[in-house]
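Below you'll find the structure, written out as structure tokens, and then a few comments.
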Amino acid sequence: MTETAVPAAMRRKDKLVRCTLAARVLGVSGDVLDDWHEAGIMPQVRTPVLNMTYESWLDAVMSAVRPGKAADIAAIGRRWFTDRGLTDSEAVA
């Protein structure tokens with residue numbers, strides 16, 4: 001996936017969280033988050049030291065979880081990008 005700068009307006013509105021925290025909250029590995037990012041369904045901001053994602057994306061995933069029913073991560077990711085008027089490659093840095 002091509003990585004581009006995060007729009008300035010989005011940076012000011014949305015808190016970044018470490019991908020290690022997101023993985024722990026979601027009960028998946030960091031490799032799974034990397035796969036979701038490469039598939040264009042999870043935004044990721046990469047720094048020389050950390051990989052981060054947006055708190056609102058994590059909130060969207062967690063709010064879709066229902067007992068006994070898996071969340072459709074791909075649909076959640078597409079909706080997250082669409083709601084912000086972004087393509088998947090515009091929400092990574």
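The values are calculated or read from the model by the stated rules, or taken from the named source; none is laboratory data. Worth saying up front: this structure is predicted, and the values here are computed from it rather than measured. Quick note on the areas: whole protein, heavy atoms, side chains included, nothing else; ligands and nucleic acids left out. Shrake-Rupley method; radii C 1.70, N 1.55, O 1.52, S 1.80 Å.
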Just reorder Lys69, Lys13 by solvent-accessible area, largest first, 1.4 Å probe, all chains present. Lys13, Lys69
Share of carbon and sulfur in the accessible heavy-atom surface of segment 30-75 [1.4 Å probe, %]: 56 percent
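Students sometimes get this wrong: rank Arg24, Arg46, Arg78 by accessible area, probe 1.4 Å, all chains present, largest first. Spell out each step's value before the answer.
Details: Arg24 170, Arg46 90, Arg78 130 Å².
Putting Arg24, Arg46, Arg78 in descending order of accessible area: Arg24, Arg78, Arg46.
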Probe 1.4 Å, accessible area per residue of segment 34-80, Å²: 54 Å²
So, taking all protein chains as they sit and a 1.4 Å probe, how much accessible area belongs to Thr20, in Å² rounded to tens? 90 Å²
Can you give the accessible area of Leu21 in Å² (nearest 10), computed on protein heavy atoms with a 1.4 Å probe? 70 Å²
